[in-house]
């Protein structure tokens, strides 16, 4: 089965990103096919938005989210409402 046919799932990713003098914690909600894809998406998003490299991002946990009320990202919440 091709990965494009697998429905997207919502993952909550927690970790830390390197700033000038210290590490700053973050929590992001991402749509991905698997935990591995969620990690890769975080590296892509953080690298693009904050100009960070992979060694400047520490992913501490990736968890699957099923409860829409837990999600604070409006785009991800809308996706969950449409997909059922």
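Collect the residues in segment 46-71 that are within 25 Å of residue 19 (Cα to Cα), out of contact with any strand residue (DSSP E or B) (no Cβ under 7 Å at 6 or more places or on another chain) and either in contact (Cβ under 8 Å) with a residue 40 or more places away in the chain or part of a helix (DSSP H, G or I) (or both), keeping them in residue-number order.
The answer is 47, 48, 49, 54, 55.
Pick from segment 38-84 the residues that are under 14 Å from residue 15 (Cα atoms) and in contact with a helix residue (DSSP H, G or I) (Cβ under 6 Å, 6 or more places away or on another chain): which of them is surrounded by the fewest Cβ atoms within 10 Å (Cβ to Cβ)?
Filtering first and then ranking leaves 54.
We did not get these values from a lab; they are worked out from the coordinates using the rules stated. None of these values were measured; they are calculated from a predicted model. When we count neighbours, we look across all protein chains shown, and the Cβ atoms used for this are built from the backbone with ideal geometry, even at glycine.
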